[in-house]
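These notes are about the structure you will find just below.
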Amino acid sequence: MHRRSVLAGLVAWPGLSLQLIGCSPQTTVVDGPDAPGFATPLTAPHLALVLAAGGPRGFAHVGVLRALDELAIRPDLIVGASIGALVGSALAAGLAIPQIEALAFDFDFYRLARWSPSLGLQLEGAGIADLVHRTLGVHRFEQLRTPLAVVATDAQSQRPAVFNQGELGPAVQASCSIPRWFAPVRIRGREFIDADVSSPLPVNAARSLGAKLVLAVDVAVHVDKPRPSGAERYVEGDRAKRAQIDAEAELADLVLHPYFGYWVSLSREYRVTAARAAYEQTMQQANRLLGLFG
């Protein structure tokens, strides 16, 4: 299985693929003064940590966070896209690394599905917002310990949109709203979808928020590595995604791009393996990281 959106890996689970095809999940509508929005920061951040979109590949972010914690490299802004927004919100809320690891490795993704007698099994996007609120105990960006910017895609313009104030959960939900899997999230009258569509590695967003230094974590496929059998049909898509990512990656001071194979899974074994590989490869660059960001 090879998917890059946050929960598309569910199609590999026995019995799910046929039931989920063609589902019509309910659009989440968020209005009012507490709806997610954007405000220009009063002070420019020194170091922004950018966590990329990448679906199940995003479990590698957890290993990078452990390495950065051990190196005492702590950003004063976190910018997240799709699964990067999920992981980033946990870090921004102040959860300890073991807590983030437990959540990432043990979370049951079936909790984001619901059964309807008439429609069968559906993915419920609102479950992402509920997960953020319940797990983190935080409802608003302003309650986070570290400033967080969540990137989504404006469905009409197909351009990136940044949220950094108001309700946190719906913003993360919008960032993870995979087209054809989750309905868009309607915020203040506009619809938003997965950040992966417009800005899978949102370095531009970090720079626009004034970040002096940017450390980015890219979890996409390594197009220069040998492909396993069966992956040939993804070559064109992988190269297009690589070009999209590279356009922003060159704006970062350093990009970490851990390698942990091609195929992905939602199994606990895969999550742990991806995180461990990312941790080890990040620590191999400890001297460079400390020289730039220490």
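Listed values, structure above:
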| item | result |
| --- | --- |
| Largest to smallest accessible area among 241, 225, 212 [probe 1.4 Å] | 212, 225, 241 |
| Rotationally averaged projected area of the chain (alpha carbon convex hull; nm²) | 14.6 nm² |
| Percent antiparallel among DSSP beta bridges (both partners in the chain, rounded to 5) | 45 percent |
| Per residue, the convex hull volume that the Cα atoms of segment 140-193 enclose (Å³) | 66 Å³ |
| Dipole-positive endmost among 249, 287, 270 within segment 242-294 (Cβ charges, Cα centre) | 270 |
| Student exercise, segment 136-294 dipole from Lys, Arg, Asp, Glu Cβ charges, in Debye to nearest 20 | 240 debye |
| Ellipticity estimate at 222 nm from DSSP helix runs (n ≥ 4, -39,500 (n - 2.57)) divided over the chain, nearest 500 | -10000 deg cm²/dmol |
| Most mobile of 32, 94, 58 in a GNM of the chain (Cα contacts under 10 Å) | 32 |
| Cα-centred dipole magnitude for the chain, charges only on beta-carbon of K, R (+1) and D, E (-1), debye, nearest 20 | 240 debye |
| Around residue 214: net Lys/Arg minus Asp/Glu count, Cβ-Cβ under 14 Å | -3 |
| With eigenvalues of the C-alpha gyration tensor scaled by 5 and rooted, segment 121-272, Å | 26, 20, 16 |
| Probe 1.4 Å, all protein chains present, accessible-area order of 224, 34, 196, largest first | 224, 34, 196 |
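The values are calculated or read from the model by the stated rules, or taken from the named source; none is laboratory data. Every value quoted in this text rests on a predicted model; they were computed, and no experiment measured them. Glycine gets a Cβ as well: all are built from the backbone with ideal geometry, and neighbour counts include every protein chain shown. The accessibility values were calculated without ligands, DNA or RNA, using every heavy atom of the protein model including side chains. Shrake-Rupley method; radii C 1.70, N 1.55, O 1.52, S 1.80 Å.
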